[in-house]
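Everything below concerns the one structure shown next.
The values are calculated or read from the model by the stated rules, or taken from the named source; none is laboratory data. Remember, it's a predicted structure, so these values are computed and weren't measured experimentally. Cβ placement follows ideal geometry from the backbone for every residue including glycine, while neighbour counts extend to all protein chains displayed. All accessible areas refer to the heavy atoms of the entire protein, side chains included, with ligands and DNA or RNA removed. Shrake-Rupley method; radii C 1.70, N 1.55, O 1.52, S 1.80 Å.
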Amino acid sequence: GRGGAQAQRRVMWRRTLRVATAAWARRRGLSTMQQIDTLHFHTLFTDGLKCIAELFVKDNHELRIAGGAVRDLLNGKQPEDVDFATTATPDHMKELFQTAGIRMINNKGEKHGTITARVHNQNFEITTLRIDVATDGRHAEVQFTTDWQTDAERRDLTINSMFLGLDGTLYDYFNGYEDLKNKKVRFVGDPSHRIQEDYLRIMRYFRSTSTGAGDLTPMLTLC
C-alpha cells in the first residue's frame, strides 16, 4: 500500500545517507564518534530537507547540521533555527539549486559563503566551510575549504563547534559534547585570540554561561 511504499522510501533514503556519510568519513580518516537518534532529530526531516539532502548526496557534496542546533539536539531540545554547513562552494550550490528549479532568496550572505534556498515553503540557510583569512574585530575575510575541522577551529565556543551528519553521526573535534554534559562553556583555542577576531564573542560567551551554568575559568586568562 501507500504507507508501505513511503516507509520503504524512508529506509532507502536513510541507507543512502549512511553509505554516503561513511564514505566521506573514510576519505577523511574519521571514525563514528556517536549516533544521535531522537524524536527531535527526526522531526527536522521535512519534505524540504529531504529534497535538499538528496541533491547534495547526488552531487557528492556533504551536508551537516551546524552550531547551535546541534547543541540543542544534544540537550534534548527542539532547535528553533537550524543552520547547515557544506563542502560545496556557493557557486556549486547556486548551480545545483538552479538546475533543480529551487528558488534562492536573500543573497546578502553569499560573499561569506551562505546561500538560502526555499523549498516546500521552508528556508534552508547553508554555508560553505570557511577559513578566516583576516579579521578586524567584527568582520572577517574568508576563504572556502572542504576541511570540517578547519571550519570548526574558527568557531567561538566548543559547544558551538560540533556538526551533525544527516544520518545522526556527531562530529566533535574539540570535546564540545563533554563540555555540554559538564555544563562548561569554553572557547575553541585561545580565548584572547578568539575575542580579538570578533568582539561580539565575549557577549555570546556570557550569554551561554547565563543559560548553561558555564565554567568561567577560561576568562581568567584575560585578566
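Between rounded, prolate and oblate, where does the stretch 55-130 land on the alpha carbon gyration tensor, with a ≥ b ≥ c its root eigenvalues, rounded for a/c under 1.5, else prolate if a/b exceeds b/c? Cα axes put the stretch 55-130 in the prolate bin. Take the Cα of E80, step 7 Å toward its Cβ, do the same at N121, and the gap between the two points is 2.2 nm. Summed over the residues of the stretch 58-152 and divided among them, the accessible surface reaches 53 Å² per residue at a probe radius of 1.4 Å.
Ordering 41-51, 175-185 by mean Cβ neighbour count within 10 Å, with the highest value first, yields 175-185, 41-51.
Computed from the C-beta positions of L39 and K183 and an R0 of 30 Å, the FRET efficiency is 0.80 to the nearest 0.05.
A simple count of charges around P79, restricted to other residues whose Cβ falls under 15 Å of its Cβ and scoring Lys, Arg +1 and Asp, Glu -1, yields -2. Which lysines have a Cα lying under 29 Å from the Cα of K94, excluding residues fewer than 8 positions away in the same chain? Straight-distance partners of K94: K50, K58, K108, K111.
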